[in-house]
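Below is one structure; the comments refer to it alone.
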Amino acid sequence: MDKLLRQGWVKPLLFAVCLIPLGLLVWRGASGGLGANPIEATNRFLGDWALRFLLIALAVTPLRQMTGWNAVARWRRMLGLFAFAYVVLHFSSYVGLDQFFDWSAIGREIVKRRYITLGMVAVVLLIPLALTSTNAMMRRLGGRRWQALHRLVYVIAPLGVAHHWMMVKKDITEPAIHAAILAVLLGWRGVARLRHNGAATTARPTACSVPQSSSPSP
């Protein structure tokens, strides 16, 4: 399977698949399928898919570790950028279609409504991750600093889930599913980190276990 996933056509196919939700939204809008409040439906649709793509991107590493399909690691950046793209569309829909670029009203909403506050914080934190997603920026920042910066995703994802949960007024089934998926993904990473640290501690030689050399060091 890993060999199949490395084929050159797989990544373009995945790119096309990631565009399907946007195409579906356009089709629904053109056919009158967005209901009585198309602006709200558009905004929520884009927000839902932004969160889904973020969770899918976070699922890449556990999937690779469980299956040994190392080729899927090549998709993580693209999936993360699609999450950012849908976040930008979600934000633009809110600012342009819902609030008509009334910045004073938007400011009041951010202060007044906690779920909007959380959403805006998530958007702001996601921007540097998108801007530093290239190999050139990784080299410029250095591996350690780049990794530290991109760990912000572990803050952004819970903010996104909380934003969704607090926004829903009645049926919390979907945000609860997203929260459960995020909990599993973060739990997997926590367990993997503990195992890694435990293995590193076990493998680290102690002063008593280091064999003494019979000849002086050069």
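Details
- Taking Pro158, Pro21, Pro175 as the candidate residues, the one with maximal mean-square fluctuation in a Gaussian network model of the chain, Cα springs under 10 Å, is Pro21.
- Net charge of Cβ neighbours under 13 Å - reference Val161; Lys, Arg +1; Asp, Glu -1: -1
- Cut-off 14 Å between beta-carbons: net charge of the residues surrounding Leu51, Lys and Arg +1, Asp and Glu -1: 0
- Crossing angle, helix 20-30 versus the chain [Cα axis fit, 0-90 degrees, rounded to tens]: 0 degrees
- Inter-label distance for Arg77 and Arg6, nm, one decimal - labels placed 7 Å from Cα along Cα-to-Cβ: 1.8 nm
- Karplus 3J(HN,Hα) series, Hz, for region 44-55 with 6.51 cos²θ - 1.76 cosθ + 1.60 (x for Gly, Pro): 5, 4, 5, x, 4, 6, 4, 5, 4, 5, 5, 5
- Springs join every pair of Cα atoms under 10 Å in this Gaussian network model of the chain, and among Arg193, Arg77, Arg113 the largest mean-square fluctuation is at Arg193.
- Tilt relative to the chain, helix 103-112 - C-alpha long axis, 0 to 90 degrees, to 10: 60 degrees
- For the chain, the longest principal axis of the C-alpha atoms and the axis of helix 153-167 are separated by about 30°.
- On a per residue basis, the convex hull of the C-alpha atoms belonging to region 2-186 measures out at 143 Å³.
- Spin-label model, Asn135/Ala105: points 7 Å from Cα along the beta carbon direction are separated by 4.7 nm.
- For the chain, adding -39500 (n - 2.57) for each run of n ≥ 4 DSSP H residues and dividing by the number of residues yields -24000 deg cm²/dmol at 222 nm.
- Mean separation of Cα contacts under 8 Å (6+ apart) over length of the chain, as relative contact order %: 19 percent
Values in this text are rule-based calculations from the coordinates and carry no lab data. If you're wondering where the values come from, they're calculated on a predicted model, not measured in any experiment. We place every Cβ from the backbone using ideal geometry, glycine too, and count neighbours over all the protein chains shown.
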